[in-house]
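Reviewing the structure listed below.
The values are calculated or read from the model by the stated rules, or taken from the named source; none is laboratory data. Keep in mind the model is a prediction, meaning the values are calculated, not measured. Heads up, the Cβs are rebuilt from the backbone with ideal geometry, glycines too, and the neighbour counts pull from every protein chain shown. Protein only, heavy atoms only, side chains kept; ligands, DNA and RNA dropped before computing areas. Shrake-Rupley method; radii C 1.70, N 1.55, O 1.52, S 1.80 Å.
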Amino acid sequence: MIAGALSLDFINTLDDRFSDEPQELLNRYLDLARFGEDAGILSETQLEPLLLRCVHSPARAKRALERAIQMREAMHAVFWAVVQKKPVPKAELMILNSYVQEAARHMSLVETNGRFAWRFDDVGNEFDAPLWPIARSAAELLASDQLQFVRACASKTCAWLFLDASKNHRRRWCDMTKCGNRAKVNSFYKRRKHAFGGTPLA
Ligand SMILES: [Zn+2]
């Protein structure tokens, strides 16, 4: 969870997207549920009944996972176009919109001590439930003035998306420990190779 926005973290669950071997992190419904737990959109008490239902309705769980991936890929297409300053693909935006509308059907306003907040329907009994807050997060980010700060990691194979909340808005890496250090090490080797006239490193 490094992206600074739930929807972007979700997009990044296809790791090394542009490499020869992209890594799918959502292989089972359980992976989606765990993502929901890590992201704080499913509590432990909500997770348990969902996982129990997986055992009884594996086909429905599988279908929900397929929908999650369809939504993720539509989200990626839209955000990627924004980051690349290219026209947003209409078909993908339509798919994303269908998920945003679905999410809205499961939201209501709740009031506590004069303050209002959005709340999603009780998630314990719907396989699609983790998708709602993620779709909502994408819609909010796309419609916000923060959209201009969505960036792609400077590593060509990684290309994780993140919200650059740094002061000068010059963050380049998804995560210093993941790609930043790798890039630093590479440039260190390059410099060293140059300095030593191409002598192989011990
Ligand atoms: Zn990266």
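Considering each residue of region 91-135, count those that are out of contact with any His (no Cβ under 6 Å at 6 or more places or on another chain), in a loop (DSSP other than H, G, I, E, B) and within 22 Å of Arg63 (Cα to Cα), and give that number. Explain how you work it out, then say what you get.
Of the residues in region 91-135, the ones out of contact with any His (no Cβ under 6 Å at 6 or more places or on another chain) are 91-119, 122-131, 133-135.
Then drop every residue that is not in a loop (DSSP other than H, G, I, E, B), which leaves 106, 113-114, 122, 126-130.
Next, from what is left, pick out any that are within 22 Å of Arg63 (Cα to Cα): 106, 122, 126-130.
Of the residues in region 91-135, 7 are out of contact with any His (no Cβ under 6 Å at 6 or more places or on another chain), in a loop (DSSP other than H, G, I, E, B) and within 22 Å of Arg63 (Cα to Cα).
Scan (1) in contact with a Pro (Cβ under 9 Å, 6 or more places away or on another chain); (2) without any contact (Cβ under 8 Å) to a residue 60 or more places away in the chain for the single condition Gly114 breaks and write down its number.
Result: Gly114 passes all but (1).
Please find, among Leu96, Leu109, the residue that is aliphatic (A, V, I, L, M) and in contact (Cβ under 8 Å) with a residue 40 or more places away in the chain. Spell out the reasoning first.
Numbers: Leu109 fails: in contact (Cβ under 8 Å) with a residue 40 or more places away in the chain.
Just a single option satisfies the conditions, and that option is Leu96.
For the subset of region 23-65 comprising residues that are more than 17 Å from the chain's Cα centre (by Cα) and part of a loop (DSSP other than H, G, I, E, B), which member is farthest from Ala135 (Cα to Cα)? Give the derivation first.
Let us first name the residues in region 23-65 that are more than 17 Å from the chain's Cα centre (by Cα), namely 43-63.
Then drop every residue that is not part of a loop (DSSP other than H, G, I, E, B), which leaves 43, 57.
Details: Ser43: 18, Ser57: 24 Å.
That would be Ser57.
Filter region 136-162 down to the residues that are under 17 Å from Leu14 (Cα atoms) and either of a type outside the set (Ser, Thr, Tyr) or open to solvent by 40 Å² or more (accessible area, probe 1.4 Å) (or both) and list them by number. Please lay out each step first, then the result.
Kept after step one, since they are under 17 Å from Leu14 (Cα atoms), are these residues of region 136-162: 138, 151-162.
Listed by number, the residues that qualify are Ala138, Arg151, Ala152, Cys153, Ala154, Lys156, Thr157, Cys158, Ala159, Trp160, Leu161, Phe162.
Please work out which residue is nearest to Asp31 (Cα to Cα), limiting yourself to region 80-135 and to residues that are open to solvent by less than 90 Å² (accessible area, probe 1.4 Å) and acidic (Asp, Glu).
Out of the qualifying residues, it is Asp128.
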